[in-house]
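Inspection log for the structure reproduced underneath, given as structure tokens.
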Amino acid sequence: RSQPAPVLQLTGGVAVAAGYGHSLALKKDGTVWAWGDNSSGQLGDGTNNPSNTPVEVSGLNSEIRAIATGDQHACVLTDSGAVKCWEGNSHGQLGDGTNNPSDTPVDVVGLSSGITAISAGRWYTCALTGSGAVKCWGNNGNGQLGDRTFTNSNTPVNVTGLSSGVKAITTGFFHTCAVTRNGAVKCWGNNSRGQLGDGTNNKGNINTPVDVFGLSS
């Protein structure tokens, strides 16, 4: 389509997130709906059947406050601060301690409460705790988990140097950034195009946060 068209059943009061071939919506009543490709269980309805109209994500008994989509996975943040994810899991991006895909939501290990924000990259996910710490899991081939390694993790790991003081996070294709409470920006992961903004000639991968040049407050 070259012009916007209404999404059926979603008439107002929703938040949306778009993945590679699917989309999510969070309704005011706390339910989550998905549509599009479902070859990896992206829609979270317990099937692998694609849908061109929204279907409700299964197994979310708690009201949801935030949604995030990656390449072929999706995550939600509950009102109680827990994180649940579903879809493909070949890189450990569901965070449940396995590499098994799931077409319904599963609990992220160790994140049953206290999380305030989530963000999903291509094959990885990050979460922000109430104390301002950042934790990430999934693919780490470019250092995007920020834990001083390039090793994938199917459970959350702590981002080095960000155990407190962070107020916002965001994820790209293979890099991650955070805003601290004093207004500084730090990034880590792939830097092949200078996307970490640290003003150096390092165009490789950086597996710990670096300061973005000129954005210290």
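Values quoted throughout were computed directly from the atomic coordinates according to the rules given, and no laboratory measurement underlies them. What you see is a predicted model, and the numbers here were worked out from it, not measured in a lab. A quick note on method: Cβ atoms are made from the backbone with ideal geometry, for glycine too, and the neighbour counts reach across all protein chains shown.
If region 82-209 were replaced by its equivalent ellipsoid, with semi-axes equal to the square roots of 5 times the Cα gyration tensor eigenvalues, what would those be, largest first, whole Å? Intermediate results must be reported in sequence, preceding the final value.
Numbers: eigenvalues 106, 61, 21 Å².
Equivalent ellipsoid of region 82-209: 23, 17, 10 Å, largest first.
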Quotient of C-alpha Rg and 2.2 N^0.38 Å, computed over region 75-145: 1.01
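Can you give me the orientation-averaged projected area of the convex hull built on the Cα atoms of region 110-150, in nm²?
Numbers: hull surface 11.9 nm².
So the Cα hull casts an average projection of 3.0 nm².
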In Hz, Karplus ³J(HN,Hα) per residue of region 16-23 (6.51, -1.76, 1.60; θ = phi - 60°; x = Gly, Pro): 10, 8, 10, x, 5, x, 8, 9
Descending principal axes extents, region 1-117, alpha-carbon based, whole Å: 42, 28, 21
Inter-part distance where region 78-115 and region 1-16 are each reduced to a Cα centre, Å: 27 Å
Hydrodynamic radius by Kirkwood, which averages 1/r over all alpha carbon pairs of region 4-64, in angstrom: 11.7 Å
Kirkwood-Stokes translational diffusion coefficient of region 134-217, alpha-carbon pairs, 37 °C, 0.692 mPa s, µm²/s: 264 µm²/s
Value of relative contact order over region 129-189, rounded to a whole percent, pairs C-alpha under 8 Å and six or more apart: 31 percent
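Counting every Cα pair in the chain, what percent are over 28 Å apart?
Details: 6447 of 23436 pairs.
Distances greater than 28 Å cover 28 percent of the Cα pairs.
Counting only trypsin sites (Lys or Arg not before Pro) that are in a DSSP loop and have at most 10 other C-beta atoms within 10 Å, tell me the longest site-free stretch of the chain. Walk me through the numbers before you get to the answer.
Working: sites that count: 1, 28, 193.
Longest gap between qualifying sites, sites excluded: 29-192.
Roughly how large, in nm² to one decimal, is the mean projection of the convex hull of the alpha-carbon atoms in region 37-98?
4.4 nm²
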Other-chain or far-sequence residues with amide H under 5 Å of residue 116's (modelled H): 128, 129, 130
